[in-house]
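What follows is a short report on a single structure.
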């Protein structure tokens, strides 16, 4: 920590990235993922985020692995990089005074408790809006603040199951398959950011804050996309399709001699180029494969004829053929390969940040690239629990 | 179409929903999914979106199924509800005049061409910014506007494969598995919205537009989350885990007598409640299952002991036990079940819109619920190609 007098906003010696949201102060009560992911996106765009954590324990995700050798959570640290921390017991009178002084300065409060928790503390939307009319209140909950199931708890896995995405992910006849990343939380986090920024825009015109209510389950419905369209037209709930697209063919992972490649020949012209590239020009005249619709009706035959040709090629050879022909295609990469891919590196999508004790940590960068701002290659580290208490209290004059 | 004089903005007789973005005009050149999904989200929040489509053919997704009996695409219609359409050939001098008149009125232009296409038309960011300094320019491309692979084409499937999400989705040793919805496009669409709204906020302070550059591949890296943290700590790229969480246990789909249920007992207290609920209190004292970390190390044994108890229960019975004990849990629902779930209905996440000819269509609602605005149960239909040409030309005085 620098204690130079100009460091009046208690941000420490590591500069926050400049960004379009640098004028916004976010007070963040949220834990684990949906809320913290939202405030990470806001912080990456320049907002100042103060995490208000439970004394003693802090954000639950401090205690969820993977951990480094020093026992610090990489999960917590990657999502909470660049935020500040103050531990407050919202049932303690002195701590409530501090919290309310923070709210008086804040633009947005974010929480992901079950509905009712904030009301019991006296900090529900109605109470806060009456007292801080410009404050925007964003709630990311499992089921939302309305409806018969509002009081139920949910985690990512629950909404992936209930929202339908697990029913269309996996292989026909195979066991249930979770999307390998927490799309239940992350999608809700992104919609929460969108709600907050919409509310900021509204406030600029009206001077009034509003309540932003995002449910993880709702977010899963919002990304069902093609599955809802198929159900709407056919009345039949779609099942999983393995590694192919439901209505574009060829658009799948295909086996080669030494692995799989993805080929996405999304229109008739690309189909023709693919037939030529894999030395099978006769397929262009096969009536089963004449249009995208007929190819999709015969998706298994399409896979069989493509894989017959790819069987003698390595993935590298197959991709070189596709690339030379201008056919969208790519390798199946694991996390290590993805993070080391030249384009991912060139786009600064792998940045350096730190664990709470300052040990270095690699994390994902910010995918929103803006011409008016630099895209830094580092981010300030994640906070120790209560790390910024003194500086924040001083700033608040408490 | 109403031709009443007050209908000066050519929106037709169906009112656009009021929303926090009602003052924004989006000129949308984008096709298929990432860009159109972004502008759907903006339209759901009140923005006016004018689709500029290729004469004759229009947005490619008009020709991608599923189709209704009249041959109209439900895929196109669900994503483009409530937008207006004008067909413009951007190589034709008169059409370029119309396009430029639209840009002069617009707040944001959105496109998802490959980098370079707009420059060839004379409408790259540098040229437009010089002429329309307040205009925000958002590009959603496969690989982004910088880096060695910027010129390559990508579809959802390609970035799902290259970005690593397919490497952690599916079952150990099983075939490649695509996430069943287009998370490559949709994630990029959501980050594009976030970039646009950040740029709108910046413009309110500075008067200047900016260039927002979002790559589908970057978006996949940004949602890898726990997988990056695991790789950062262990140096080993994680593989797929079927239907369980990588670092929380029990947090998975478990088999019952007649199907599967998801149980997400994310901490020690919930684990204890689960042991009691399934009549296995002795598991609480088993040292293998003492903490979340040891349970995760023994995730297969945890699944075995849970499934041994669930084998005599139906999914409904198992969920009733969990619910009574306050353990986050839920059913595995298909699209039909998800859309008919009482909470999804209560949250207005299933709305009515229409195909271009006006035939009714069910689609996903808006997951961003805002206290200052109503959340309508209907949305104006998707446009016929060039449907709003006359009204838009009249509005522009052309």
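Shielding by partners for peptide A:321-328, expressed as the average number of C-beta atoms from other protein chains within 10 Å of each residue's C-beta, is 2. In terms of other Cβ atoms within 10 Å, B:75, B:123 run from fewest to most in the order B:123, B:75. Placing a label point 7 Å from the Cα of residue A:94 along the Cα-to-Cβ direction, the residues of segment A:360-398 whose backbone N falls under 20 Å of that point are A:385-398. Based on the inverse mean of 1/r over its pairs of different Cα atoms, what is the Kirkwood hydrodynamic radius of chain B, in Å? Kirkwood hydrodynamic radius for chain B: 23.8 Å. For chain A, the relative contact order comes to 18 percent (Cα pairs under 8 Å, sequence separation of at least 6).
Counting only DSSP beta bridges with both residues in the protein assembly as shown, the antiparallel share comes to about 45 percent.
What does the C-alpha gyration tensor say about the overall shape of segment B:243-282? Classify as rounded when a/c is under 1.5, otherwise prolate if a/b is larger than b/c, or oblate. Oblate, since a/c reaches 1.5 and b/c is not below a/b. For the options B:208, B:282, B:387, a Gaussian network treatment of chain B with springs between C-alpha atoms closer than 10 Å singles out B:282 as fluctuating the most. Put the Cα centre of segment B:336-360 next to the Cα centre of segment A:184-203 and the gap is 22 Å. Extents of the protein assembly as shown, taken as max minus min of Cα coordinates on every principal axis and listed largest first, are 69, 57, 46 Å. Neighbouring Cβ atoms from other chains, within 10 Å of the Cβ of residues in B:308-318, number 0 on average.
Relative contact order, whole percent, for segment A:251-338 stands at 41, derived from Cα pairs under 8 Å and 6 or more residues apart. By the count of neighbouring beta-carbon atoms within 10 Å, fewest first, A:132, B:143 end up ordered A:132, B:143. A point 7 Å from Cα along Cα→Cβ stands in for residue A:121, and the other copies hold the same point at 4.9 nm, listed in rising order.
Of all DSSP beta bridges confined to chain B, the antiparallel ones make up roughly 45%.
Once you have the Cα-Cα distance between residue A:311 and residue A:342, take 0.36 nm times their residue separation minus that, and quote the gain in nm to one decimal.
Gain on stretching residue A:311 to residue A:342: 8.4 nm.
Between residue A:105 and residue B:121, the simple spin-label model (points 7 angstrom out along Cα→Cβ) gives 4.7 nm. Taken residue by residue and averaged, Cβ atoms of other chains lying within 10 Å of the Cβ of A:145-154 number 5.
Computed over chain A, the per-residue total of -39500 (n - 2.57) for DSSP H runs of n ≥ 4 gives a 222 nm mean residue ellipticity of -10500 deg cm²/dmol, rounded to 500.
Distances between equivalent label points of residue B:314 across the copies, with each point positioned 7 Å along Cα→Cβ, amount to 5.6 nm, shortest listed first.
Running a GNM on chain B with Cα contacts under 10 Å, which residue among B:299, B:199, B:382 ends up with the highest mean-square fluctuation? Result for chain B, Cα springs under 10 Å: B:299 fluctuates most.
Treating each Cα of segment B:251-337 as one equal point scatterer and applying the Debye formula with no solvent, the log10 of I(q)/I(0) at q = 0.12, 0.26 Å⁻¹ comes out as -0.32, -1.46.
Relative contact order (percent) for segment B:64-118, with alpha-carbon contacts under 8 angstrom and 6 or more residues of separation?
On the way: 21 pairs, mean separation 8.1, N = 55.
Relative contact order, segment B:64-118: 15 percent.
Which shape class applies to segment B:64-159: rounded if a/c is under 1.5, otherwise prolate when a/b exceeds b/c and oblate if not, where a ≥ b ≥ c are the square roots of the Cα gyration tensor eigenvalues? In terms of gyration-tensor shape, oblate.
Packing, taken as the mean count of other beta carbons within 10 Å per residue, orders the peptides B:56-65, A:286-295, A:30-39 from highest to lowest as A:30-39, B:56-65, A:286-295.
Gain on full extension, evaluated as 0.36 nm per residue between residue A:276 and residue A:208 minus their Cα-Cα distance, stands at 18.4 nm.
Taking neighbour Cβ counts within 10 Å as the exposure measure, how do B:369, A:152, A:284, A:83 sort from fewest upward? Write out the running numbers ahead of the final one.
Values: B:369 23, A:152 20, A:284 15, A:83 27.
Starting with the residue having the fewest Cβ neighbours, the order is A:284, A:152, B:369, A:83.
Reducing segment B:24-95 and segment B:205-277 to their Cα centroids gives an inter-centroid distance of 33 Å. Run through the other copies and list how far each one's label point is from that of residue A:93, in nm with one decimal, shortest first; the point sits 7 Å from Cα along Cα-Cβ. Output for residue A:93: 8.1 nm, nearest copy listed first. The GNM of chain B, with springs linking C-alpha atoms under 10 angstrom apart, assigns the highest mean-square fluctuation among B:279, B:322, B:256 to B:279.
Just so you know, all these numbers are worked out from the coordinates, no wet-lab data involved. All values reported here derive from a predicted model rather than from experimental measurement. When we count neighbours, we look across all protein chains shown, and the Cβ atoms used for this are built from the backbone with ideal geometry, even at glycine.
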